[in-house]
Amino acid sequence: MGTPLESWQTGLAGTFPAALLPPGNTSAPLRRILLPAFILGFLGLLGGCKSPVSERPIGTAVEIKPPLGLPPVPIPPDNPPTKETIALGRRLFYDVRLSKDNSLACASCHNPTLGFTDGQQISRGVGGMGGVRNAPTVANTAYLPLQFWDGRAVSLEEQAASPIADPVEMNQTHEVSVSKLGSDPKYQSMFRDAFGSKQITIGRVEKALASFERTILSGDSAFDRYAFGGDKSALTQAQIRGLALFKDPQKGNCATCHTIDRTYALFTDGKFHNIGEGVGDEDTFKDVGRYHETRRETDQGAFKTPTLRNVANTAPYMHDGALKTLKQVVDFYAGGGNSNPYLDKEIRVIQLSGQERSDLMEFLKSLTGELPPNVGPPGKE
Amino acid sequence: MKIFHWLNHCCLFSAVVMTLGCSNAPKNVPSTGPAPQPAPSFYKVDPATAGSLTGTIKFSGKKPSPKLIDMREDPACVEAHHGKAYDQSLVVSSNGSVANAFVYIKAGLEGKNFEAPKSPVTIDQSGCWFRPGVLGIQTNQTLQVTNSDPVTHNIHPMAEVNREWNHSQGPGDAPLSRHFIKPEIMIRVKCNIHSWMHAFIGVLPHPYFDVSRDDGSFEIKNLPAGTYSIAVWQENLGTQEQQITVTPHTNTSANFTFKGK
């Protein structure tokens, strides 16, 4: 026995071939069936084929407690995190069935053991397809107003399913993903628990993934204990000197973009800056970055400021993974980046002694924090 | 008048280069602009009319005492340099010969349009040192920048006539290729990361230049017969000029002496 909804769908599908017949050739009784069918079809088109399945979580919203050094997590009104959506998102995040050849999961490029990055210069998609950018960490992306290096997604929800369908990433259409997941009874029950019915839609997948990702928070580093926890012994003398250089506009000038606030620190302003990385021989950018979204000339070669939390564990660096070590990064900035017409005004040659460069690197190592215990691969429940 | 003629050639050449560079230009579209420009005609030296020019650069003053360079700012550089590094801004041999002076034809070639060689001129960053420290290049010839060091450098030609630029190059990074499109004597080059590193590049619209060797000698070959102004530039000693006349199949000598205290 199908649900009333399912029989309605079957009934409608049955009338559609007849609906294609020219109206003049149809008998009166048939026309009585056809008219509502036409209206229904028309309404369907007007509605943009929007799924009638509710994508709102049904469970009780849970509070995601930020660790020391992080502010409250911003939550979109239409996707309050629940125990069920988070658990579902976690399962999806580690599921290789979301890729065309069942070889890659989200976690393949956002590996928890590598600070939710992949340690590669440029990430590889299914069949070794070459991407163009370095995998950014998922940790603390909950706080970012825009996602991806170029900010092309305005929410974690919008970001979440995009790599699944990207031809150089997981390369699987959303229809195929939905159908593959739908054949797993475990998912059917998890979707029912999370959203009220067993139907799988890409919108539900996005919401669950986003809610799980909002729990991947990293704080409580030595820096946090020093700056926000009142533990003045948490940093070494070299790290304390490095922190001062990091904040000093006349020296490192790092905190201008890798921000530290009074009560918390994201180490990113969430904005886009051109530091010259990736500029070609003729002052042009093969990867135009933010410009791709805004078409604003000054956004050429601008990329989102990445967080520096866990930076010691997330080499290589920059949107193209071109810098292999923290020393290379510090030297890159000390040298004033790469000149080009769109270079951010904050990028300039910095006079740093060898000791100062080493102090800055020591400070960056103090940003390695804890991750919550339940963000790794789900157990066999 | 002559200079205008020469500039005219330059413009013509740039226009053709720009046209050729536009590989995505649609084909078989009727041109509405001016008629296609002919390929630039480059000046070819007739060996029957060419001579050569040799000489030495001397310094009559007291030989400067070696000045040690301190690389301790970057310990990796101390290691990479293999031994002590000395200031090279004035290198004088025991008999007063000056190395690393840039010698070039300053005037007398106007109106002749020389094609840039296909082979690049390379500057390497090795042992946290630019090698060579003084070099010449033709306009539009490729300057290839390499980094043989285990550290990041940031090459910064502080050009005033050409476009100024700086670019970071990490260990193992691919070579950079750049061009200077206008003559400029001399472009000071520094590394934005290592304060002691510097080099000088002389950019000329012709191939008649040389850098003096350790014995102070230089040689300019295959120079069309004519009267020229030959100039020498040295980082600390400044510049000197003299008029010379080159005749076919002969070697003309031109020596320079910088007076010192």
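Key figures for this structure:
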{"item": "Gyration tensor over alpha-carbon atoms, region A:238-317, equivalent ellipsoid semi-axes in Å", "result": "27, 14, 13"}
{"item": "Overall Cα dimensions of region A:222-365, principal axis frame, Å, largest first", "result": "48, 30, 27"}
{"item": "For region A:83-213, alpha-carbon Rg and Dmax in angstrom", "result": "13.9, 42"}
{"item": "Two-site label geometry, B:His249 and A:Arg296: point separation in nm, points 7 Å out along Cα→Cβ", "result": "7.1 nm"}
{"item": "Amide H contacts under 5 Å for B:Thr252, placed H, 5+ residues apart", "result": "B:Ser52, B:Leu53, B:Thr54"}
{"item": "Max mean-square fluctuation residue, GNM over chain B, Cα-Cα springs under 10 Å, options B:His153, B:His82, B:His167", "result": "B:His82"}
{"item": "GNM flexibility winner over chain A from A:Ser366, A:Ser54, A:Ser221 (Cα, springs under 10 Å)", "result": "A:Ser54"}
{"item": "Equivalent ellipsoid, region A:155-283 (semi-axes from 5 times Cα gyration tensor eigenvalues, Å)", "result": "42, 23, 11"}
{"item": "Computed [θ] at 222 nm, deg cm²/dmol, chain A (DSSP H ≥ 4; -39,500 (n - 2.57); rounded to nearest 500)", "result": "-10000 deg cm²/dmol"}
{"item": "Candidate aspartates and glutamates - alpha carbon under 17 Å from A:Lys324, same-chain residues fewer than 8 apart omitted", "result": "A:Asp118, A:Glu277, A:Glu362, B:Asp149, B:Asp173"}
{"item": "Overall dimensions of region B:161-261 as given by Cα atoms, namely Rg and Dmax in Å", "result": "17.1, 49"}
{"item": "Net charge of neighbours whose Cβ lies under 11 Å from the Cβ of B:Leu237, counting Lys and Arg as +1 and Asp and Glu as -1", "result": "+1"}
{"item": "Net charge over other residues, Cβ less than 12 angstrom from the Cβ of B:Leu68 (K, R count +1; D, E count -1)", "result": "+1"}
{"item": "Degrees between helix A:185-195 axis and first principal axis of chain A (Cα, 0 to 90, nearest 10)", "result": "80 degrees"}
{"item": "Distance in nm between pseudo-label sites at B:Ser119 and A:Ser353 (7 Å out along the Cβ direction from Cα)", "result": "4.6 nm"}
{"item": "Chain A: angle of helix A:4-19 to the longest principal axis, Cα-based, in degrees nearest 10", "result": "70 degrees"}
{"item": "Descending semi-axes in whole angstrom, ellipsoid equivalent of chain A, from the Cα gyration tensor", "result": "47, 24, 17"}
{"item": "Shielding by partners, peptide A:322-331 (average Cβ within 10 angstrom, other chains)", "result": "4"}
{"item": "Cα pair count fraction exceeding 14 Å, expressed as % - region A:49-91", "result": "58 percent"}
{"item": "Size of region B:132-218 as Cα extents on the principal axes (Å, biggest first)", "result": "35, 32, 22"}
{"item": "Residues whose placed amide H lies under 5 Å from that of B:Trp165, excluding near-sequence neighbours", "result": "B:Ala159"}
{"item": "Whole-number D in µm² s⁻¹ for the protein assembly as shown, Kirkwood Cα-pair radius fed into Stokes-Einstein, 25 °C, 0.890 mPa s", "result": "82 µm²/s"}
{"item": "Normalised per residue, the volume of the convex hull around the Cα set of chain B (Å³)", "result": "155 Å³"}
{"item": "Relative contact order (%) - chain A, alpha-carbon pairs under 8 angstrom, separation at least six", "result": "18 percent"}
{"item": "Listed residues A:Arg225, A:Arg295, A:Arg124, most fluctuating in chain A (Gaussian network, C-alpha, under 10 Å)", "result": "A:Arg295"}
{"item": "Total formal charge among the other residues, if their Cβ is under 15 angstrom from that of B:Asn222, Lys/Arg +1 and Asp/Glu -1", "result": "-1"}
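Rule-based calculations on the coordinates, nothing more; no lab input. For clarity, every value in this text was computed on a predicted model and none was experimentally measured. For neighbour counting, all protein chains shown are included, and Cβ atoms are generated from backbone atoms with ideal geometry for every residue, glycine included.
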